[in-house]
Structures are given as C-alpha cells and as structure tokens.
Amino acid sequence: MNRLDGLCICGGVTGFLCNRIYIQSNSANGATTDGLDINGCSNVMVSDCVINTGDDAICLKTALHDGIAKPCRWITISNCILTSSSAALKLGTETHADFENITVTNCVINKANRGVNMIIQDGGYVRNVLFSNLIINTERKATFWWGNGDPVWLTIQNRKNGVPFAGGIENVVFSHIIAHGQSGVRMEGFEVE
C-alpha cells in the first residue's frame, strides 16, 4: 500500500492509474488547481484531510491516456473538510471509464460553488456509490464560474466528440445529508442528438 501521510501540500496532488493508495491527515491548499485528483485509480482510501482550493477539492476522473482509460473503483473518502471555489467533490468531467464501489462519509463541505457534482459525458457509468453523513454549505461564486451554489448537481450529457452515448448513473444513494445552498439539488439528463 502506497501512503501519503501528514503532508502539507501547496498545489494539487494527482494519483494517475494507481492501485492501493492511502492518503491520510493531509492539508492541501491550491490557488487555482484541484486539491486531489484520483484518475483511473483502484483501492484508494482518503481520510482525515483538510483541502482548500480554487478549483475542485477532490476530483475522481477516468481520463484517456494513450487511448486507454481505467476505471475508478473501490474508493473510500471519509472524515474530510473540503473548501472549494468550484466543486468540493466531483466525479467527472472526464468519464471515459466507469466509477464503481465508492463511499463518501462523514465529510464537511464549506464555501463551495458546488458540493457534490457528477458530470458524466464520455461513455462511463457511475455505479454503486454511497454518500452519507455529509454537511454541505454552498455559495454562488462569480457568474462566469462553474455552478450556482448547488449542494448537489448530477448531469448526464454527451460531450459531442464522437462518443455514441454519454454514459449513466445507477445505484447512487444519498443518506443523512444536511445541505444549505444558494441553489437547489439538480439532476439533469439530455437526449442524444
């Protein structure tokens, strides 16, 4: 198991195509970067972190690398405090492979433009995800920035780059959530044109 333990990071950290990562008790401050990107990784544990960033605090993605994308699966995120000018916790927008068997629990999201965000658009699926025991406080940032102070925003929309379908979301549970925001909870899907 690879460990990042007790670090203070200025800028972002990216786990790319990794297996068996444990990130605990870290502090990340990024002016205009994501705090923690988990890209095509499996068997990841993130706990007891404080992340304050100008972009996404924690972002799971499945980007293409040399024409290949790996799934994000078997991931737990717990006991974190997330502050973000964009999405505090995001799955996407790069969704070329699946996101499966993910839990997010006992986290506080504060002063984020979006709290929990899924943008599915490249053919990947989100399956078997549990969000529980979250406190979410969102606030609208500048009008040109992503989001409207949405505590939760889920969307499936084709990126229009030749992918025949955008992907899907199934078996996602939200339980014991307290949310305050300047917008509402949004779930959107768009037909393929």
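Here, each number is a calculation from the coordinates, and none is a lab measurement. Just so you know, these numbers come straight off a predicted model, no measurement behind them. No Cβ is skipped: glycine too gets one built from the backbone with ideal geometry, and neighbour counts run over all protein chains shown.
Dividing the convex hull volume of the Cα atoms of the stretch 38-82 by its residue count, what figure in Å³ per residue is obtained?
Values: hull volume 2.7 nm³, N = 45.
Convex hull volume per residue, Cα atoms: 61 Å³.
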Once Rh is set to the Kirkwood radius over Cα pairs, what Stokes-Einstein translational diffusion coefficient, in µm²/s, holds for the stretch 61-129 at a temperature of 4 °C and a viscosity of 1.567 mPa s?
-> 103 µm²/s
For every other residue with a beta carbon closer than 14 angstrom to the beta carbon of residue 39, add +1 if it is Lys or Arg and -1 if Asp or Glu, then tell me the sum.
-> -3
Considering amide H positions built from the backbone, and no H for Pro or chain starts, which residues 5 or more places from residue 59, or on another chain, come under 5 Å of its amide H?
-> 36, 37, 38, 90
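What does the C-alpha gyration tensor say about the overall shape of the stretch 74-193? Classify as rounded when a/c is under 1.5, otherwise prolate if a/b is larger than b/c, or oblate. Walk me through the intermediate numbers first.
On the way: a/c = 2.09, a/b = 1.30, b/c = 1.61.
Because a/c hits 1.5 or more and a/b fails to exceed b/c, the stretch 74-193 counts as oblate.
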Starting from the Cα of residue 64, step 7 Å along the direction of its Cβ; do the same at residue 20; then give the gap between the two resulting points in nm.
-> 3.2 nm
